[in-house]
Amino acid sequence: MSPRSASVNEELRRRSRERLLQATVELVSERGYEATTLGDIADRAGAARGLVSYYFPGKQQLLQSAVHRLMHRTLQEALEREPLRTDALQGRELLARAIDAILGLAREHPRLMRTHMAGILSADGFVQCPEQQRLAELLRGTVARYGSRDVDTDYPLLRALLMGAVVAVLLPGAPMPAARLRAELFQRYGLDWEFGVPPDGGEPSGGTIPR
């Protein structure tokens with residue numbers, strides 16, 4: 001049997017890494033971070049235990065990469081969803097979709113996102129990985145298409161505002177309503193409420209979104 005080519009080996013490594021990331025999202029969502037071991041993740045992914053250590057230096061790094069993968073895949077799907085307007089308001093619609101995609105993750109995966117935010121706020125901070133870089137590329141591109149004249153300033157601000165909104169949605173004991181936070185972000189960026197995926201029930205009471 002002839003040895004596998006370099007491209008085949010690379011694809012196999014990519015698939016193994018993807019399975020580990022997906023298994024991490026599933027298990028932490030189901031059991032929580034402390035109750036999920038690296039062995040559990042390897043078993044769920046159908047991979048050898050040693051592969052986890054080969055790709056990731058530890059569980060926290062694996063979790064951040066896994067959540068950043070979920071975030072950039074969710075964001076990309078939202079940005080590419082048809083139909084997409086083709087007029088001058090396209091950039092605003094894309095920014096609205098981005099905001100809704102990130103806030104939606106906080107509602108749909110509260111345990112996972114709460115654990116992720118706690119890790120980011122720890123001493124280690126952001127893990128620089130391909131998944132985080134892809135998420136940054138998508139958000140930066142959205143800011144540029146929105147019409148920013150200074151993406152290097154406006155992208156970090158949007159990222160910080162989204163992180164703050166996610167924390168506010170997930171704050172134990174005193175969560176903020178996602179619709180209220182959405183309204184504040186939409187007002188800040190001059191986005192129409194019907195852009196993106198509006199929550200049920202229309203605009204929140206007391207919120208006026210500029211047209």
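Throughout, read-outs are computed from the coordinates displayed, never taken from laboratory work. Bear in mind that the values here come from a model prediction, so they are computed numbers and not experimental data. Positions of Cβ are generated from backbone atoms using ideal geometry, with glycine treated the same way; all protein chains shown enter the neighbour counts.
Which stretch or stretches of the range 38-79 have amide N atoms under 13 Å from the point lying 7 Å from ARG145's Cα along the Cα→Cβ direction?
The answer is 75-79.
Sequence gap at least 6, Cα distance under 8 Å: using those rules, report the relative contact order of the range 1-55 to the nearest whole percent. All intermediate terms of the calculation are to be shown ahead of the outcome.
Numbers: 29 pairs, mean separation 18.4, N = 55.
Computed value for the range 1-55: 33 percent relative contact order.
Name the shape class, rounded, prolate or oblate, that the alpha-carbon gyration tensor gives for the range 86-199, where a ≥ b ≥ c are the square roots of its eigenvalues, rounded holds for a/c under 1.5, and otherwise prolate holds if a/b is larger than b/c and oblate otherwise.
In terms of gyration-tensor shape, oblate.
At ARG107 and GLN90, where each label point lies 7 Å from the Cα along Cα→Cβ, what is the point-to-point distance in nanometres?
So the label points at ARG107 and GLN90 sit 2.7 nm apart.
Test of understanding: extend the Cα→C-beta vector of ARG15 to 7 Å, then name every residue of the range 50-75 with backbone N under 17 Å from that spot.
Output list for this probe position: 51.
Grab the DSSP H runs of the chain that are 4 residues or longer, score each as -39,500 (n - 2.57), total them, divide by all residues and round the 222 nm result to the nearest 500 deg cm²/dmol.
On the way: 9 runs with 142 residues, N = 211.
After summing the helix terms and dividing by the residues of the chain, the value is -22500 deg cm²/dmol.
Please give the contour-minus-distance gain from GLN133 to ARG81: 0.36 nm per residue of separation, less the Cα-Cα distance, rounded to one decimal in nm.
Here the segment from GLN133 to ARG81 would lengthen by 16.6 nm.
Cut-off 10 angstrom, C-alpha nodes, Gaussian network model of the chain. Which of ALA174, ALA118, ALA101 fluctuates the most?
Residue with maximal mean-square fluctuation among ALA174, ALA118, ALA101: ALA174.
Positive end of the charge dipole of the range 1-55 (Lys, Arg +1 and Asp, Glu -1 on Cβ, about the Cα centre): tell me which of GLY50, THR24, GLY39 has its Cα farthest that way.
GLY50
At most 13 other Cβ atoms within 10 Å and a DSSP loop assignment: could you name the trypsin sites (Lys or Arg not before Pro) in the range 79-140 that fit?
Passing sites in the range 79-140 are ARG81, ARG85.
From the list (i) 19.7; (ii) 13.4; (iii) 14.9, can you say which value of mean projected area of the Cα convex hull in nm² was derived from the structure given?
Evaluating mean projected area of the Cα convex hull in nm² on these atoms matches (iii).
Round to the nearest 0.05 the FRET efficiency obtained for LEU157 and SER5 when R0 = 41 Å and r is the Cβ-Cβ distance. Please report the intermediate quantities before stating the final value.
On the way: r = 45 Å, r/R0 = 1.10.
That pair, LEU157 with SER5, gives E of 0.35.
Express the relative contact order of the chain as a whole percentage, based on alpha carbon pairs under 8 Å and six or more residues apart in sequence.
20 percent
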